[in-house]
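The values are calculated or read from the model by the stated rules, or taken from the named source; none is laboratory data. Quick caveat: nothing in here was measured; it's all calculated off a predicted structure. All Cβ positions, even for glycine, are placed from backbone atoms using ideal geometry, and neighbour counts span all protein chains on display.
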Amino acid sequence: MEKGIFAIGEFAHESGVSVRTLRYYDSIGLLTPSDYSEGGHRLYSKNDLTILKKIKALQFLGFPLKEIKDMLEKNIVEGGILLESLNFQKDLFEARRLEIVNILSDLSHMIDVVKSEKLVNIEVFCAMLQKLMFAEDTEKWFKEHFSTDIADTILHVNKSEEINLDKKWTKVLSEIKQLSFNGAAPHSNETQETVEVLFQLMDETVKGKLELVEERLQTSEPVSFPNPFTEKEQEFLKIAMEIYKNNNF
């Protein structure tokens, strides 16, 4: 092929735009080939590549192809239109940046939670990860059902404390699942010792206000917390917790 002239396949490779897209651009008059071969095949020049880069730049700002075609034909556009699009894209990427920051924070958190574990139950892991992902829902529930002072007290947890709590939750939830899998009796010493740890952890998590939280749970829509347990495991835990309460409360 002559230097500076591209067949459509070569042009697609050079520009990063698919052959199908180039054909569509041609069909709507947005980017027509500079020439055609004797066999009728589209041929593109370096100038066509420059035009295509302009199209991609304007697409990045969110302009539809019809408006882009008009802009390129007139070679001029109102500054206010560009400013509006630039501000929109800036806000969009700011939102994406915040989302990425939050995702990175959640990933770092889970790395700290599991890095010392040799084996991790995948259902428990997913539940703990979902807890982070839907933390705003949990925060909203507490603020709707408690005074500001109580909600702030329960929700105020520094990062190291939160990681430590999640390590404990991962451990005790995994132990409960293992007890159920092993066929342990709900009233056995091992099960009751684990349930005792569970109650202590629940109380620690809500800063000593477990009774108050349980009272709210009985009279309102419960907070949505990811459940790592099967129906069988839930029934096992329910019986074990009832036995513990009867013996201790």
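Restricting to the stretch 28-46, count the residues that are hydroxyl-bearing (Ser, Thr, Tyr) and either outside the structural domain of residue 67 (by TED's automatic domain parsing) or closer than 20 Å to residue 73 by Cβ (or both). Residues flagged as hydroxyl-bearing (Ser, Thr, Tyr) and either outside the structural domain of residue 67 (by TED's automatic domain parsing) or closer than 20 Å to residue 73 by Cβ (or both) within the stretch 28-46 amount to 4.
To keep it simple, each residue is scored yes or no on (1) closer than 18 Å to residue 164 by Cβ; (2) part of a helix (DSSP H, G or I).
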site: 88; (1), (2): no, yes
site: 93; (1), (2): no, yes
site: 97; (1), (2): no, yes
site: 101; (1), (2): no, yes
site: 105; (1), (2): yes, yes
site: 112; (1), (2): yes, yes
site: 117; (1), (2): yes, no
site: 125; (1), (2): yes, yes
site: 129; (1), (2): yes, yes
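Quick check: anything in the stretch 124-142 among the charged types (D, E, K, R), closer than 26 Å to residue 234 by Cβ and over 22 Å from the mean Cα position of the chain (by Cα)? Checked the stretch 124-142: no residue is among the charged types (D, E, K, R), closer than 26 Å to residue 234 by Cβ and over 22 Å from the mean Cα position of the chain (by Cα). Of all residue pairs spaced 6 or more apart or on separate chains, those with beta-carbon atoms under 7 Å, a first member in the stretch 52-66 that is farther than 16 Å from residue 76 by Cα and a second member that is surrounded by 14 or more Cβ atoms within 10 Å (Cβ to Cβ) and not β-branched (Val, Ile, Thr) are 52/15; 52/31; 62/85.
Among the residues of the stretch 168-180, is any assigned by TED's automatic domain parsing to the domain that holds residue 128 and more than 31 Å from the chain's Cα centre (by Cα)? Yes, there is a match, as at least one residue in the stretch 168-180 is assigned by TED's automatic domain parsing to the domain that holds residue 128 and more than 31 Å from the chain's Cα centre (by Cα). Residue 77 satisfies every condition listed in (1) modelled with pLDDT under 90; (2) part of a helix (DSSP H, G or I) except (2).
So that you can scan it fast, the table gives a plain yes or no per residue for (1) on the phi < 0 side of the Ramachandran plot; (2) assigned to a loop (DSSP other than H, G, I, E, B); (3) not hydrophobic (A, V, I, L, M, F, W, C):
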| site | (1), (2), (3) |
| --- | --- |
| 6 | yes, no, no |
| 12 | yes, no, no |
| 17 | yes, yes, no |
| 22 | yes, no, no |
| 25 | yes, no, yes |
| 30 | yes, yes, no |
| 39 | yes, yes, yes |
| 44 | yes, no, yes |
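Within the stretch 182-195, the presence of a residue that is touching a residue at least 12 places away in the same chain (Cβ under 8 Å), farther than 14 Å from residue 109 by Cβ and among the charged types (D, E, K, R) is excluded. For the stretch 146-159, the criterion of being surrounded by 13 or more Cβ atoms within 10 Å (Cβ to Cβ), at pLDDT below 95, part of a loop (DSSP other than H, G, I, E, B) and out of contact with any Asp or Glu (no Cβ under 6 Å at 6 or more places or on another chain) is met by at least one residue. Scanning the stretch 203-237 for residues that are aromatic (Phe, Trp, Tyr) and within 30 Å of the chain's Cα centre (by Cα) yields a total of 2.
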